[in-house]
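Everything below concerns the one structure shown next.
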Amino acid sequence: MLLQELSNAVSAEFQKYYGRPPRWIVAAPGRVNVIGEHTDYNDGFVLPMAIERYCVMAADRPLDGRNLINLRSTLEAEEATIDLSAPIKPGIPKWGNYVRGMVAGFLARGINPGGLEVLLHSTVPPGGGLSSSAALEVGTATLIEAVTGQPIDPVEKALLAQKAEHDFAGVPCGIMDQFISTLGQAGHLLLLDCRTRKTELIPMNDPSVMVLIVNTNVKHELGSGEYAKRRAECESAANLLGVASLRDATPDQLERARGEMSEVIYRRARHVISEIERTVHAAEGIRESNWPGVGNLMYASHYSLRDDYEVSCPELDTVIDIVEDIGYRGGVYGCRMTGGGFGGCVVALVKASAVEAISHKIAAEYKIRTGIEAGIFSSRPAAGATVIKG
Ligand code: GLA
């Protein structure tokens, strides 16, 4: 659905719930990471794109002037309320915590959104590794900017969103998801240097290639605990190598120090060091429209995530097997798991002319092999968060 149509539908829902049209409507996209996985918290490079899936938030001031933010989601049974006259803390329902975290961040900067009635709807599949939570955080930030008329620097906005995720959702994430949801541009990938936070837009508007996203529709619960563990392992590796972060380590340095570290720490570091290199090369490949070259880097990224970093899962590997079988002749350049791992999505780079045939094949084979229906869609690189009304 086009963003404008989606926004109209959310506006109609708002009217239904609250009995009047919304005064503000904002949208923030989810993302798919083309390459550069588990590199952001190692000061490395990432290469995500915003997708045409959004968290849309419609809002108005409460008619009775109350100093509360009342949140309704079309996807949740329970409403969330934020009392602006008390200190903002994490609470229930849990989905409200992303919004609470953003409100707390803006209040700490002296920006008070004031009372609001909000209706939100999201087409970013929850728990699919496509950053539905970053879309909600960045959407909230965009809404607060709109209602207060006080836009903040986009980098600061993304960092506030990351802090909300850390402090209010308890996930020690890196900066990729919030940056792309804030700074994405239509028709471009975003090459982000997570050390300097310098960004470069990489055009990707060749009509003959498409990005296909395959949702395994599984989410393994070990996800966030294992994420924190990987972060800690990377820090150990950096300490053992005597570098500030794995961004500073070379493959040679790692090989020389191999005997001084456990096999697991060695493999974690090997993934990160090689993935940072692959990401830089993939950005070059995209600039040159070298799709087979980019595809090969994506396959290599997957194997490294599966074998060295150990964040894949049987369902993701099954999709990869199916897509690899379809192969170059069937219109596939490459594919890999995307996002934190342990479930979620595969991202594939495919010939636009073969998208339909490839999608049918994946859906049928995945159902046969796992008994699960996959969610499959393609997306062009979308724009970051925007104010649609207000
Ligand atoms: C999650 C985190 C990101 C990043 C990826 C792995 O999506 O939120 O910051 O670390 O995992 O690349």
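The values are calculated or read from the model by the stated rules, or taken from the named source; none is laboratory data. Since we're looking at a predicted model, the values are computed, not measured. As a convention, Cβ positions derive from the backbone with ideal geometry for all residues, glycine included, and neighbour counts pool all protein chains shown. Quick note on the areas: whole protein, heavy atoms, side chains included, nothing else; ligands and nucleic acids left out. Shrake-Rupley method; radii C 1.70, N 1.55, O 1.52, S 1.80 Å.
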(message) Condition first: in contact (Cβ under 8 Å) with a residue 60 or more places away in the chain, more than 30 Å from residue 351 (Cα to Cα), of a type outside the set (S, T, N, Q) and surrounded by fewer than 21 Cβ atoms within 10 Å (Cβ to Cβ). Can you find one or more residues in segment 262-283 that meet it?
(response) no
(request) Assess whether residue 231 counts as being touching a Pro at 6+ places or on another chain (Cβ under 8 Å), open to solvent by 40 Å² or more (accessible area, probe 1.4 Å) and not in a strand (DSSP E or B). (result) yes
(request) Residues being out of contact with any helix residue (DSSP H, G or I) (no Cβ under 9 Å at 6 or more places or on another chain) and open to solvent by 40 Å² or more (accessible area, probe 1.4 Å): count how many of those fall in segment 203-219. (result) 2
(request) Kindly indicate which of 151, 172 is open to solvent by 30 Å² or more (accessible area, probe 1.4 Å) and within 15 Å of the ligand (Cβ to nearest atom). (result) 172
(request) Scan segment 1-36 residue by residue and report those that are part of a helix (DSSP H, G or I) and either within 11 Å of the ligand (Cβ to nearest atom) or not hydroxyl-bearing (Ser, Thr, Tyr) (or both). (result) 3, 4, 5, 6, 8, 9, 10, 12, 13, 14, 15, 16
(request) Looking only at segment 37-60, decide whether some residue is part of a loop (DSSP other than H, G, I, E, B), within 16 Å of the ligand (Cβ to nearest atom) and among the hydroxyl-bearing types (Ser, Thr, Tyr). (result) yes
(message) If I go through segment 107-143 residue by residue, how many of them are open to solvent by 10 Å² or more (accessible area, probe 1.4 Å), in a helix (DSSP H, G or I) and in contact with a helix residue (DSSP H, G or I) (Cβ under 7 Å, 6 or more places away or on another chain)?
(response) 2
(message) Six or more apart or on different chains, Cβ atoms under 7 Å: show the pairs whose first residue is in segment 150-165 and part of a helix (DSSP H, G or I) and whose second is acidic (Asp, Glu).
(response) 161/137; 164/137; 165/137
(request) Starting from residues that are outside any strand (DSSP E or B) and within 16 Å of the ligand (Cβ to nearest atom), keep the ones in segment 320-357 and report whichever is farthest from residue 48 (Cα to Cα). (result) 342
